[in-house]
Amino acid sequence: IFASIMQDDLSTLLVAVDSEQYVGYAHIILSAPPPCVTGPSPIELARLYLRQSVIGKGYGAALMRAVHRVAMQRRCQTIWLGVYGRNERARDFYRRWGFVDVGTKAFVFGGCSYDDPVMAAPVRIETGSGDVTVRGGARELLVDTASGDVRVAGEALAVVEADTASGDITLDAGADRV
């Protein structure tokens, strides 16, 4: 699934890694929103998944910060998503990030159609929160949260700026994939 996402110029894939193990990912895509999304310049958060064992340990927040950064870098102003209506844990997480219900969209699974809630929020950037910023139009970010390593195609990137007070890191990247 990652290979097809990485080949799509409209998509960005963000992957969270801990101790060299994938623990979650977020997939963002420039797509046509449903009519209920009325915010300007929308981008879809198509997936944000975590392993059950790491929920509540900050990986979701780290991915969401990165989602907002990518949205801003792509000059988007609104993030929208569809979510399973009975997944209250996910819906609460999104609400904490400023998402509100704006309508529904059809989701087909197993030959049945379901109306999933659609949520939307304005793009925002938090400062002083250990954010990672990638310069140069990079589309994919791989961060090892245990070591702090950031890799592009298996090679470490050089840190351009590091704010030790806030934990913010700025990197230069000329690659399509980070």
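The values are calculated or read from the model by the stated rules, or taken from the named source; none is laboratory data. The shown structure was predicted, so the numbers you read here are calculated from the model rather than taken from an experiment. Surface accessibility is based on the protein's heavy atoms, side chains included, excluding ligands, DNA and RNA. Shrake-Rupley method; radii C 1.70, N 1.55, O 1.52, S 1.80 Å.
Close amide-amide hydrogen proximity is noted between G103 and V118, each under 5 Å apart and 5 or more residues distant or on a separate chain (H modeled in the peptide plane; Pro and chain starts excluded).
Residues whose amide H falls under 5 Å from that of I79, counting only those 5 or more places apart or on a different chain, are I43, A121, V123, with hydrogens built in the peptide plane. If you sort Y59, Y49 by accessible surface, 1.4 Å probe, largest first, the order is Y49, Y59. Working note: Karplus 6.51/-1.76/1.60 with θ = phi - 60° gives region 72-79 the couplings 5, 4, 8, 6, 8, 10, 9, 10 Hz, where Gly and Pro are set to x.
On region 1-116, 53 percent of the accessible area sits on carbon and sulfur atoms, based on a 1.4 Å probe. Backbone geometry of region 13-27 corresponds, through the Karplus equation with coefficients 6.51, -1.76 and 1.60 at θ = phi - 60°, to 3J(HN,Hα) couplings of 10, 10, 10, 9, 10, 9, 6, 6, 10, 5, 10, x, 7, 10, 10 Hz, x marking Gly and Pro.
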